[in-house]
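This report refers to the structure that appears directly beneath it.
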Amino acid sequence: MTELIDVIIPSKYKKFLEEELTLVKTVYSDINKVYIIRKPNPKYYISLNKLEEIKNNESNKIVIMDKVKPSQIINVMRETKKEVLDRVLLILEIFALHAGSKEAKLQIELARLKHQLPLIKEAIRYAKLKELHGFLGAGRYGYEKYYTMTRKREARIRRELEELRKTRALRRQKRRELGYIHVAIVGYTCAGKTTLFNTLTRLNKPVGPEPFTTLSPKSRAVEILGHKVIFTDTVGFIRDLPPEIIESFYATLEEIIDANIIIHVVDFSKNINQVIKEIVETRKILEKIGIHGKPVVLALNKIDLIDGINEKINIILKHLENNEVIIPISATKKINVEKLLWYIKQVIAGKNIDKNICAKIWA
Ligand SMILES: Nc1nc2c(ncn2[C@@H]2O[C@H](COP(=O)(O)OP(=O)(O)OP(=O)(O)O)[C@@H](O)[C@H]2O)c(=O)[nH]1
Ligand SMILES: [Mg+2]
């Protein structure tokens, strides 16, 4: 069955409309209609007149791009007889599409289970009231059994992840002991992190035009100035990444915590306001995982697509923090990649490259 989707967007995301729709389209290409919700209805989230319209239209699935209460999801399902997804589940679906490693798959499953537990509880509550019987595929006892199974599975995944995490921590410890320099490549999804990682390490890894091509961090060592430098490619960030997803992806982000240098890749070909927004959002996430204050180089990527780059650079210069420098690059056309290496060499040599020095280089 082809899936025709109605997308519900809270008005707080109106200025990010295109971005939110890109996320939806990564999983569902057939969008029926987009509804903007100004004031969520306490019972259905969706306002009553829109709900009535959705109930009678062609769509068979509803994606609500917000944090929605389990009771609201169940109520919309009961009212419209259509499947309902919220923003967290949508992002998890995107993650699942690209999960490569065992760890990434387990983390996604764990996040999904955790997110669904309150929904199952709510379903049990309704089934007890005999109001949901048969609709979601199971009666009360079905849900209760499902709930117990889910809890057990959750515990097992946690144990497996803990083991994988220990192995990874040991590996990192070993690298530290060997005096390796660790460079983490981070940034918004689709910024070009993997492409840059490949260029820097001459390693062929899959890169793709759709978001979230990379899900588990991949590291590669190269030699710079006689030092072993380990580059790590990471999972793409997105704006408003729900906290429960940050937690479940802790192990993949854990690699970044130990980094000596951070390459923050930005798709500089985007509209300047969008670029600034993404820089700010990525910074916030870096702060959240506790790596504030480390040397950061903003790699302004995809300059091969840009005309009038100087004007854009001047705007970015005004937004830099003290530990940040910028280098405009093209990861695909290999423009200025050697300047990135130059920066890394300066940091390795213990030189303090601040934003003013960089501004002079680009003047
Ligand atoms: N024109 C141009 N395209 C680029 C450049 N760098 C990357 N791209 C393209 O941008 C798209 C995304 O690149 P990736 O390297 O997969 O991006 P990513 O940041 O690793 O994305 P995720 O892993 O999904 O977070 C691909 O289609 C690349 O070919 C560049 O310098 N110029
Ligand atoms: Mg990638």
How large is the charge dipole for the chain, taken about the Cα centre, if only the Cβ atoms of Lys, Arg (+1) and Asp, Glu (-1) carry charge, to the nearest 20 debye?
920
Of the listed pairs Lys43/Lys81; Lys15/Lys50; Lys277/Lys334; Lys69/Lys166; Lys15/Lys81; Lys193/Lys218, those with alpha carbons more than 23 Å apart are Lys277/Lys334; Lys69/Lys166; Lys15/Lys81
Only counting other Cβ atoms within 10 Å, I'd like Lys39, Lys302 sorted with the fewest neighbours first.
Lys39, Lys302
Given a Förster distance of 25 Å, the FRET efficiency implied by the Cβ-Cβ spacing of Lys288 and Asn323, rounded to the nearest 0.05, works out to 0.90
Final fewest-first order of Met77, Met149, Met65 on the 10 Å Cβ neighbour count is Met149, Met77, Met65
Given Cα pairs under 8 Å that are at least 6 residues apart, what percent is the relative contact order of region 101-177?
35
By how many degrees, 0 to 90 and rounded to 10, does the Cα axis of helix 87-98 deviate from the longest principal axis of the chain?
60
Determine the relative contact order of the chain: mean sequence separation of Cα pairs under 8 Å and six or more apart, normalised by residue count, in whole percent.
12
If you count the DSSP beta bridges with both ends in the chain, what percent of them are antiparallel, to the nearest 5?
20
Enter the angle in degrees (range 0 to 90, nearest 10) between the Cα long axis of helix 17-27 and the first principal axis of the Cα atoms of the chain, meaning the one along which they spread out most.
80
Can you put Val229, Val265 in order, fewest other beta carbons within 10 Å first?
Val229, Val265
For region 1-98, what does the alpha-carbon gyration tensor say about shape, rounded, prolate or oblate, given a ≥ b ≥ c as the root eigenvalues, a/c under 1.5 as rounded, and a/b over b/c as prolate?
rounded
Dimensionless Rg ratio for the chain, taking C-alpha atoms and the 2.2 N^0.38 Å reference
1.11
Here the relative contact order (percent) of region 1-98, from C-alpha pairs under 8 Å and at least 6 apart, is 33
Hey, got the dipole for region 101-177? About the Cα centre, +1 on K and R Cβ, -1 on D and E Cβ, debye to the nearest 20?
460
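We did not get these values from a lab; they are worked out from the coordinates using the rules stated. Keep in mind that this is a model prediction, so the values were computed, not measured. All Cβ positions, glycine included, derive from the backbone under ideal geometry; neighbour counts span all protein chains shown.
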